[in-house]
Structure formats: C-alpha cells, structure tokens
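Notes for the one structure printed next.
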Amino acid sequence: MQTDIIIITALDMELDARQLPADIGIYYSGIGKINAAITTMRAIEQSKPKLIINFGTAGAVHPGTTGLLGIGRVVQRDIIAEPLSPRGQVPYCTRPYEYFSKSGDISCGTGDSFVTSYDPWLVQQDISVVDMELFAIAAVAHEHQIEWMSYKFVTDHANESSGQDWVKKVNHGEILFLEQLKSIIQ
C-alpha cells in the first residue's frame, strides 16, 4: 500500500496500529538497529513514503528529561572503533555519522544495548536520550532521500532500574504521540 506517511516503531505495545488514521502505514521493526534498518528498507519499498516518522521509547541521560520529545539529531553511541575513528563514527565510511530530522531539538544516541548506567560520552556529545533503532531508520531514510521525524517518550533514566521502569511505562507515550501526529498531518 502506497502512503505518504509511514510510522516505524519497534513494538506493538508502544503504539497500537488501530489508533492510527487509515491513510498512515505502520511498520513494527522489533528491537535493534539491524531490525530497524531491514524494516525501514522494506517499508520504503512497499509504501514509497514522503515522510517517515519514528515513534518509540527512550531512556533519559539527564534526570530532568521527561515526556514526549521531538528528536532533531541522532548519532550512534555504540560504534567504538578507536583509534581508527572517534567513538560514534564508522572507520573508512563516507556516510554521515549523525543525521538531522526535519523538526525537533533533542539529540538521541542509538545503540544495540540497553543503557543502565552513566556514560560520560553521552553528556559530552550533548545527547539527551538513548534508544535502540533511530540511527538505522534515519540512515536508511537519508540514503533514500526521504524526510524523517522522530518522537521519543521517556520511560526511564538510563540507570540500574531502567529495565523495570521501561516495562511499567512502555505504552505511556501513545496518547501523547497520537496528539502530536494530529498536528503533523493537519
């Protein structure tokens, strides 16, 4: 089905497809960058969208960061190939090491690990939240010259209780995102 706007989210427990307008496609990627990249490529092939919106959960790096946040920048937090390249950058790769969305002002660090402790690098890079899919989604969108946006709902504060907090709050951002979506499509 071709549609101008698609949403990519990791899990159906984060966003119920039945709550979306009929003309917006949704794809569930599963957790992690590889799943997100494969799903984004498949979604582009099937839907030929003009805009990709990512919605999902995130852990906050700073204690005061809460709610639904518009993401403006994303980097990889788990590519560590020093001394060949600085953390966050793939050695000998000409693709960007950071991507910028069409809106939002929060920075997100994507990695294939659940953050449960303080990481000074995240603070040094001005990263406010961490997730496990957005960088892959943004990279594939960039490769296909498709605009993207992302909204993350803070479920935890990237500490030792993150896993338990995430489980309790995984679906708490859905209503806030649906309200945001209405303003995007109008």
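The values are calculated or read from the model by the stated rules, or taken from the named source; none is laboratory data. Because the structure is predicted, anything quoted here is derived from the model rather than measured. Counting neighbours? That spans all protein chains shown, and the Cβs are built from the backbone with ideal geometry, glycine included.
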(message) Looking for something within 28 Å of LYS50 (Cβ to Cβ) and β-branched (Val, Ile, Thr) - is there at least one such residue anywhere in region 140-161?
(response) yes
(message) Here are the criteria: (1) under 19 Å from SER29 (Cα atoms); (2) of a type in the set (Val, Ile, Thr); (3) free of Cβ contacts under 8 Å to residues at least 12 places away in the same chain. Tell me which single one THR94 does not satisfy.
(response) (1)
(request) Test each condition in (1) at positive phi; (2) part of a strand (DSSP E or B) for GLY30 and report the one that comes out false. (result) (2)
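Here's the yes/no breakdown for (1) surrounded by fewer than 16 Cβ atoms within 10 Å (Cβ to Cβ); (2) at pLDDT below 95; (3) within 17 Å of HIS62 (Cβ to Cβ); (4) of a type outside the set (A, V, I, L, M):
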| position | (1), (2), (3), (4) |
| --- | --- |
| LEU122 | no, no, yes, no |
| ILE127 | no, no, yes, no |
| ALA138 | no, no, no, no |
| SER162 | no, yes, yes, yes |
| VAL170 | no, yes, no, no |
| GLU179 | yes, no, no, yes |
(request) Could you list, in sequence order, all residues of region 158-177 that are assigned to a helix (DSSP H, G or I), aliphatic (A, V, I, L, M) and in contact (Cβ under 8 Å) with a residue 24 or more places away in the chain? (result) LEU176
(request) State the number of residues belonging to region 30-75 that are of a type in the set (Asp, Glu) and closer than 16 Å to ALA158 by Cβ. (result) 0
(message) Here's a check for you: in region 41-57, which residue that is out of contact with any strand residue (DSSP E or B) (no Cβ under 6 Å at 6 or more places or on another chain) and either aliphatic (A, V, I, L, M) or on the phi < 0 side of the Ramachandran plot (or both) is surrounded by the most Cβ atoms within 10 Å (Cβ to Cβ)?
(response) ILE44
(request) Can you work out which of the residues in region 30-40 that are surrounded by 19 or more Cβ atoms within 10 Å (Cβ to Cβ) and in contact with an Asp or Glu (Cβ under 6 Å, 6 or more places away or on another chain) is nearest to ILE5 (Cα to Cα)? (result) ALA36
(message) Just to confirm my filter: which strands (runs of 3 or more DSSP E) fall fully inside region 49-157 and include at least 1 residues that are over 25 Å from LYS182 (Cα atoms) and over 14 Å from the mean Cα position of the chain (by Cα)?
(response) 147-156
(request) Could you check how many residues of region 1-23 are part of a loop (DSSP other than H, G, I, E, B) and free of Cβ contacts under 8 Å to residues at least 40 places away in the same chain? (result) 3
(request) Can you give me the number of residues within region 7-29 that are within 14 Å of the chain's Cα centre (by Cα) and surrounded by 18 or more Cβ atoms within 10 Å (Cβ to Cβ)? (result) 8
(message) Exactly one of these conditions fails for THR116: (1) crowded, with 18+ Cβ neighbours inside 10 Å; (2) of a type in the set (Ser, Thr, Tyr); (3) in contact with a helix residue (DSSP H, G or I) (Cβ under 7 Å, 6 or more places away or on another chain). Give me its number.
(response) (1)
